[in-house]
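I have placed the structure first, in the form of structure tokens, so that the comments after it can refer back to it.
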Amino acid sequence: MNQPELNFDAPAATHARDDAINRVAANVEWDWAAHALEAVWRTAIELESFIVDEVWSRIPECKGPHEPRAMGAVMRRARDNRWIEATDQYRASDRVTAHRNPRRVWRSLLFEGGA
């Protein structure tokens with residue numbers, strides 16, 4: 001039985017991740033991405049910290065992306081816009097399709113509290 005070659009290389013893994021996110025971003029449905037980015041902005045205004053579940057719940061009913069990982073590109077854009085920043089915390093997702101996988105907790109840079 002052949003086992004796949006294990007290749008551990010942190011810089012190569014980082015490059016592969018960034019390349020995959022860039023490919024997804026280049027092919028995302030722009031109408032969905034605009035709704036998703038606006039949902040990140042609203043979430044960051046309303047919540048001090050959150051996971052992508054809260055963002056998904058704020059996206060209006062529209063055809064979703066062909067690639068669910070497109071949310072990663074949206075979150076990266078929001079981070080680059082300085083709306084959010086990554087924390088070192090994780091929470092389990094409540095989305096059935098995510099199977100309780102851990103999701104990064106994001107900290108809002110827009111939240112002013114007590115609105």
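The values are calculated or read from the model by the stated rules, or taken from the named source; none is laboratory data. In this text, all values refer to a predicted model and were calculated from it rather than measured experimentally. So basically every Cβ, Gly included, is an ideal-geometry build from the backbone, and we count neighbours across all protein chains shown.
One table, with the values for the structure above:
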{"quantity": "Residue in segment 66-75 that is farther than 26 Å from residue 16 by Cβ and at pLDDT 90 or above present", "calculated": "no"}
{"quantity": "Index of the failed condition, residue 79 passing every other in (1) touching a residue at least 40 places away in the same chain (Cβ under 8 Å); (2) of a type in the set (Lys, Arg); (3) more than 12 Å from residue 33 (Cβ to Cβ)", "calculated": "(1)"}
{"quantity": "Answer residue from segment 34-54, given it is out of contact with any helix residue (DSSP H, G or I) (no Cβ under 7 Å at 6 or more places or on another chain) and assigned to a loop (DSSP other than H, G, I, E, B) and is surrounded by the fewest Cβ atoms within 10 Å (Cβ to Cβ) among those", "calculated": "48"}
{"quantity": "Residue match in segment 87-95 (condition: at positive phi, in a loop (DSSP other than H, G, I, E, B), among the small types (Gly, Ala, Ser) and modelled with pLDDT under 95)", "calculated": "no"}
{"quantity": "Residue in segment 17-32 that is at pLDDT 90 or above and of a type outside the set (Gly, Ala, Ser) present", "calculated": "no"}
{"quantity": "Evaluation of residue 57 against (1) over 14 Å from the mean Cα position of the chain (by Cα); (2) surrounded by fewer than 15 Cβ atoms within 10 Å (Cβ to Cβ) (one fails), failing number", "calculated": "(1)"}
